[in-house]
Amino acid sequence: MLLMPHRPIAWLAWKAELAELMKTLGGMELSEPEVDKLFSSFDPDGSGSITFQELSTRLRKEVPIEQLM
């Protein structure tokens, strides 16, 4: 599937999903404070969900791992 940047994408993620993703794909079991900090870094508007645009923007930035953990 080709994603076109000008088309809206209905995609959201929540904290529980992020924690499960990190455990399943990354083999990392994060504490609740670690999940909160990581989630907040992807949710700059504080809405409580991560949109595809927020995810895309965040993944394109270089950030030292120390800032995330």
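The values are calculated or read from the model by the stated rules, or taken from the named source; none is laboratory data. Since this is a predicted model, take the numbers as computed values, not measurements. Cβ placement follows ideal geometry from the backbone for every residue including glycine, while neighbour counts extend to all protein chains displayed. Ligands, DNA and RNA are excluded from the accessible area calculation, which covers all protein heavy atoms including side chains. Shrake-Rupley method; radii C 1.70, N 1.55, O 1.52, S 1.80 Å.
In the range 47-63, what residues are closer than 15 Å to residue 15 by Cβ and either of a type in the set (Val, Ile, Thr) or open to solvent by 60 Å² or more (accessible area, probe 1.4 Å) (or both)?
The answer is 47, 50, 51.
Taking the range 8-41, which residues are within 15 Å of residue 55 (Cβ to Cβ), small (Gly, Ala, Ser) and at pLDDT 85 or above?
40, 41
Among the residues of the range 13-47, write down those that are assigned to a loop (DSSP other than H, G, I, E, B), within 11 Å of the chain's Cα centre (by Cα) and small (Gly, Ala, Ser).
none
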